[in-house]
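These notes are about the structure you will find just below.
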Amino acid sequence: MLGSRYKKFIYSAALIAPLSFLLFSYAEPAERDIPKFFVPPPPFSEGIFPCSQCHKYMPVNRKQRKLEQFHTDIVLKHMPGGWCFDCHNPDDRDKLRLANGKLVSFEESYYICGQCHGVVFRDWKTGLHGKRTGMWDGKKQYLLCVHCHWPHEPRFKPIQPLPPPVKPTDIK
Amino acid sequence: MSKRTRSNPLGIKLDRRAFLKGAALGLAGTALPLNKADASFWEAFFQKHFREMNETEIKKVIERLEKEYGQKYKKEIEVGNEKAIPGVLFGYGLDLSRCIGCRRCVYACVKENNQSRDPQIHWISVLRFKKGEKWIDLENSERYYNPAQVPEPGYFYMPVQCQQCENPPCVRACPTQATWKEPDGIVVIDYNWCIGCRYCMAACPYGARHFNWAEPNVPQEELNPETHYLGNRPRYRGTVEKCTFCIQRTRNGKYPACVEICPVGARKFGNLLDPNSEIRYAIEHKRVFRLKEDLNTYPKFYYFFAYGL
Ligand code: SF4
Ligand code: SF4
């Protein structure tokens, strides 16, 4: 038989556990493990930023459709069934929007990607995922996710390999 | 039989047998063309082993080399001599789940490290394997693949270069101690001390050492003038060379050239003694393996599959 004191402890622990989970999930993203060194600014297509240049006076259209006038190159091959506002903030287009409603700048777009790709995000913060250049013992330069992955179709495009080595039999 | 001559750093053609004959009689000078027997020649000929030289001697040797290279390539060439950084043991990581076999690393290495263009020398070989086959079968891998685009479906790629063994068989095989392991783990060669016997090549289980059968040929305008005595300085015919983790870059804090170029970021580099380095993170969080582990060479080159599998 468990003493009542133990029971109380177990009850309160059972209550606190889910609550603390809520607490953590709503906590600000930990800033200290975000790398400090970035190479270039986000890779915007020329003349496209700030988005509010055009979008300021346009009504927000939440309907999923094929874009025919602008952004025609964007075919969403990432998250089928998704739509612009899963990541872009409808009310102020110069910001991105996390699933919990928090707005983030384009410079911090890794928070957007990190929502689903948690393991990769963790590896990226430590320097394992993604390209590192600069100094191994000093100013490391990080790239944003979007420098390598076109967010609307993130798979790496195949490239041409450089020539194979000369075969020993072909050496004159 | 034609008389065999061996070219030397000064380009003096010296009949070896005649020289030895003369030397045996205590007349070393008799075999030499007297007009060329200047001080610089004797300095090169009697240069000490790199590790036996003191700072002033090293400085003198480097000055002589810089002069020679400058004359040969008609541009200013710097030969560095940075020492190993205390508390640093270099380690390398390669994520096989990301390498796309594009060979960008191979050519970046050739350029950075002044490898001979023709005859061609590549310190990095990228091997291609069919997915699902018995694949550590290195002999049956394909290194001459040449499709229009990579990655190809159904294949994966594994670049191989010097593994900087902690217990390097190449060093033990060398009869003249022209190759050795530095305190930061880099296995180096003194090209002036290498006699070209190629024992190390036979001993290396990774095919990581390469021999200059002919005079190395690097176009003057492509020669990287920032060199290190133990790394990418111009080599001679008849000497062995190998990857040094870009000693001229990494001892100055920079990443190796192959890390900088890799378009997918598959290559990782850092200090194995630093618990916050990305290489330590890979070892602690991913399933890493080393090539031919059963040989007890203890490579400091770690392969892993970060995702999938
Ligand atoms: S550059 Fe990177 S992706 Fe290309 S072959 Fe080398 S390691 Fe693989
Ligand atoms: S990989 Fe070969 S060349 Fe490099 S240290 Fe090991 S045995 Fe020597």
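Peptide B:116-129 is shielded by partner chain Cβ atoms: per residue, an average of 2 of them sit within 10 Å of its Cβ.
Beyond 21 Å, the tail of the calculated P(r) for region A:88-172 holds 49 percent of the Cα pairs.
Oblate is the label for region B:134-228, because a/c, from the alpha-carbon gyration tensor with a ≥ b ≥ c as root eigenvalues, is 1.5 or above and a/b does not exceed b/c.
Computed packing ranks the peptides A:52-64, A:147-159 as A:147-159, A:52-64, most packed first, by mean other Cβ atoms within 10 Å.
The mean number of partner chain beta-carbon atoms within 10 angstrom of a residue's beta-carbon across peptide B:95-102 is 2. The tail of the calculated P(r) for region B:53-181 beyond 20 Å holds 65 percent of all Cα-Cα pairs. Binning the C-alpha pair distances of region B:61-132 at 10 Å intervals from 0 yields a P(r) profile of 13, 28, 33, 19, 6, 1 %, listed from the shortest bin outward. Counting Cβ atoms of other protein chains within 10 Å of each Cβ in A:133-141 and taking the mean gives 6. Remark: region B:191-233 projects, on average over all directions, an area of 4.0 nm² (convex hull of Cα atoms). The ranking of B:Val106, A:Val120, B:Val259 from fewest to most other beta carbons within 10 Å of each one's beta carbon is A:Val120, B:Val106, B:Val259. With the gyration tensor restricted to C-alpha atoms of region B:200-275, the semi-axes of the equivalent ellipsoid amount to 24, 18, 13 Å, longest first.
Among A:Arg97, A:Arg122, A:Arg132, which comes first, second and so on when ranked by fewest other beta-carbon atoms within 10 Å?
By the 10 Å Cβ count, ascending: A:Arg122, A:Arg97, A:Arg132.
Near A:Phe37, once Lys and Arg are set to +1 and Asp and Glu to -1 for all other residues with Cβ below 9 Å from its Cβ, the sum equals +3. Expressed as a fraction of 2.2 N^0.38 Å, the C-alpha radius of gyration for region B:175-309 is 1.17. Protection proxy ranking for B:245-252, A:101-108, B:196-203, B:232-239, using the average of other Cβ atoms within 10 Å per residue and placing the highest first: B:245-252, B:232-239, B:196-203, A:101-108.
All of the numbers you see were taken from the coordinates with simple rules; none came from a lab. If you're wondering where the values come from, they're calculated on a predicted model, not measured in any experiment. For neighbour counting, all protein chains shown are included, and Cβ atoms are generated from backbone atoms with ideal geometry for every residue, glycine included.
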